[in-house]
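Working notes for the structure below.
The values are calculated or read from the model by the stated rules, or taken from the named source; none is laboratory data. Quick caveat: nothing in here was measured; it's all calculated off a predicted structure. We place every Cβ from the backbone using ideal geometry, glycine too, and count neighbours over all the protein chains shown. Protein only, heavy atoms only, side chains kept; ligands, DNA and RNA dropped before computing areas. Shrake-Rupley method; radii C 1.70, N 1.55, O 1.52, S 1.80 Å.
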Amino acid sequence: MSLSYVQPSPESPWGTYLMQVDRVIPYLGSLSRWADTLKRPKRALIVDVPIELDNGTIAHHEGYRVQHSLTRGPGKGGVRYHPDVTLEEVMALAAWMTVKNAAVNLPYGGAKGGIRVDPKKLSLKELEKLTRRYTSEIGIIIGPNQDIPAPDVNTNGQIMAWMMDTYSMNVGATATGVVTGKPIHLGGSLGRVKATGRGVFVTGREAARRIGLNLDGARIAVQGFGNVGASAAELFAQAGGKVVAAQDHTGTIVNGNGLELADLVPHVKTTGGVAGFKGGEVMGDEEFWDVPCEILIPAALEGQIGSERARRIQAKLVLEGANGPTTQAGDDTLSDRGILVVPDVICNAGGVTVSYFEWVQDFSSFFWTEDEINLRLDKIMVGALKHIWDTADHHKITLRTATFAVACERILMARQERGLYP
């Protein structure tokens, strides 16, 4: 029986996730009898988030927190503020977090949150009110041992600080471990801001080595030039690559000789996007998918690469910095064309890995250096990817199906060993 409260399509986030689960069932052996566990979120909370705007009117926003699985540990996953957030999207993102956490063997289940709002239309004071009210509303199911939110699309360290403070006020004690991605002064971890982008680079570096692609001089196209895309672009540039195209919600720019990141990154920070950058030519947004490159990094929103765009991509390697950027049809097309995809559920797991480090540091009140964190991150990501690659080679399946095979075996083994209560 399918769920009554969502109507997924093959191209929608939850629909894509369900198809990914179906693909992995043949590789689960006797654990496949538990597979329906993966297709049902444990808990989905929908809340009203009312705030008084600066002009005195009352605005209401839909908020969500979905805990897909808590079998392997507390929920872990970001909170996004976006006008197009839906329950179905948050469910899919929570499910991908379950898989991602198991893929890198972190002691977490998967969760995700969101508010249907355009944060760019709110003042700082209104944004704070929205965050605090939302935190209070979902406070009944979050906590350092229950579910630990983090930044995602349009949220950042400041929003995490407000969430942490609100939760702490409600429980009557400072609870730094309730969220990750916090400012350093409030128990945040060094290296957390760039961790997701660093994970994209580390998995990309390993994948390039496997397929004999030299990073020195490699052309890179990046969709989404926020925290993840920009951090990954900088690391690839340090390794000798050149970013020839960048796209975000403001537009698309291209420069065959490479965009100067030392100028582009500050430009994006000050103007809010790549549009208007003098060091590149403007290009139509749809033409981005035709740019000649060796590496493509989709690091924006989900559902960007369907079969039509997948037929046009010229890259040898696609590194999924975003969650769910490729539909099932797009995935099949890329596979048929011999283009290697490092899937989101391992490629962008650097962020949650360093979030785990932050959580551990908060519990012990003992903090590591940035070098220690980057070394630990590198070791975990490389080890996880090697295990996934061995699984892919053994079964002759894609990296995505292999990642799901490794992760879902861990999730369902834990489910089987815990049993059903009562």
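Tabulated values for the structure
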quantity: Hits in the stretch 169-204 - residues which are assigned to a loop (DSSP other than H, G, I, E, B), without any contact (Cβ under 8 Å) to a residue 60 or more places away in the chain, within 27 Å of ALA384 (Cβ to Cβ) and β-branched (Val, Ile, Thr); calculated: VAL179, VAL193
quantity: Options GLY240, GLY256, GLY279; residue that is in a loop (DSSP other than H, G, I, E, B), in contact with a strand residue (DSSP E or B) (Cβ under 9 Å, 6 or more places away or on another chain) and either open to solvent by 50 Å² or more (accessible area, probe 1.4 Å) or at positive phi (or both); calculated: GLY256
quantity: Pairs, first within 15 Å of ARG410 (Cβ to Cβ) and touching a residue at least 12 places away in the same chain (Cβ under 8 Å) in the stretch 19-30, second polar (S, T, N, Q) and surrounded by 17 or more Cβ atoms within 10 Å (Cβ to Cβ), C-beta under 6 Å, six or more apart; calculated: VAL24/THR401
quantity: The stretch 284-304 - residue that is part of a strand (DSSP E or B) and either open to solvent by 40 Å² or more (accessible area, probe 1.4 Å) or of a type in the set (Val, Ile, Thr) (or both) and, of those, farthest from MET97 (Cα to Cα); calculated: ILE295
quantity: Some residue of the stretch 140-148 being over 17 Å from PRO50 (Cα atoms), out of contact with any strand residue (DSSP E or B) (no Cβ under 9 Å at 6 or more places or on another chain) and either modelled with pLDDT under 95 or aliphatic (A, V, I, L, M) (or both); calculated: no
quantity: Some residue of the stretch 70-82 being assigned to a helix (DSSP H, G or I) and either buried (at least 24 other Cβ atoms within 10 Å of the Cβ) or basic (Lys, Arg) (or both); calculated: no
quantity: Filtered residues of the stretch 398-422 (kept if of a type in the set (S, T, N, Q), in a helix (DSSP H, G or I) and open to solvent by 10 Å² or more (accessible area, probe 1.4 Å)); calculated: THR401, GLN416
quantity: Neighbours by Cβ (under 9 Å, 6+ apart or cross-chain): first from the stretch 142-156, farther than 12 Å from VAL228 by Cα and touching a residue at least 40 places away in the same chain (Cβ under 8 Å); second polar (S, T, N, Q) and part of a loop (DSSP other than H, G, I, E, B); calculated: ILE148/THR180; PRO149/THR155; PRO149/THR180; ALA150/THR180
quantity: Condition met for GLY110 (buried (at least 24 other Cβ atoms within 10 Å of the Cβ) and either β-branched (Val, Ile, Thr) or modelled with pLDDT of 95 or more (or both)); calculated: yes
quantity: Close pairs from the stretch 52-68: first over 28 Å from ALA111 (Cα atoms) and touching a residue at least 40 places away in the same chain (Cβ under 8 Å), partner open to solvent by 30 Å² or more (accessible area, probe 1.4 Å) and not in a loop (DSSP other than H, G, I, E, B), Cβ under 6 Å, at least 6 apart; calculated: GLU52/ILE58
quantity: Exclusive hit being outside any helix (DSSP H, G or I) and buried (at least 19 other Cβ atoms within 10 Å of the Cβ), set ASN154, ASN145; calculated: ASN154
quantity: The one condition in (1) in contact with a strand residue (DSSP E or B) (Cβ under 9 Å, 6 or more places away or on another chain); (2) more than 21 Å from TYR27 (Cα to Cα) that THR398 fails to fulfil; calculated: (2)
quantity: Residue that is most open to solvent (accessible area, probe 1.4 Å), among those in the stretch 320-354 that are more than 24 Å from ASN101 (Cβ to Cβ) and not in a loop (DSSP other than H, G, I, E, B); calculated: ASP336
quantity: Residue check for VAL222: surrounded by 23 or more Cβ atoms within 10 Å (Cβ to Cβ) and under 19 Å from the mean Cα position of the chain (by Cα); calculated: yes
quantity: Pair list, Cβ under 7 Å, 6 or more apart: the stretch 358-371 residue farther than 15 Å from ASN145 by Cβ, other residue open to solvent by 80 Å² or more (accessible area, probe 1.4 Å); calculated: GLN361/PHE367
quantity: Looking only at the stretch 359-391, and only at residues there that are closer than 23 Å to ALA405 by Cβ and surrounded by fewer than 19 Cβ atoms within 10 Å (Cβ to Cβ), the one that is farthest from the chain's Cα centre (by Cα); calculated: ASP390
quantity: Contacts under 8 angstrom Cβ, first residue in the stretch 1-18 being touching a residue at least 60 places away in the same chain (Cβ under 8 Å), partner assigned to a loop (DSSP other than H, G, I, E, B) and among the charged types (D, E, K, R), 6 or more apart; calculated: PRO13/GLU302; THR16/GLU302
quantity: Leading residue by the ranking (most open to solvent (accessible area, probe 1.4 Å)) among those in the stretch 17-65 that are among the small types (Gly, Ala, Ser) and assigned to a helix (DSSP H, G or I); calculated: SER30
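Let's see how each residue does on (1) open to solvent by 30 Å² or more (accessible area, probe 1.4 Å); (2) part of a helix (DSSP H, G or I); (3) touching a Cys at 6+ places or on another chain (Cβ under 6 Å); (4) at pLDDT below 95:
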residue: VAL85; (1), (2), (3), (4): no, no, no, no
residue: GLU89; (1), (2), (3), (4): no, yes, no, no
residue: LYS129; (1), (2), (3), (4): yes, yes, no, no
residue: TYR134; (1), (2), (3), (4): no, yes, no, no
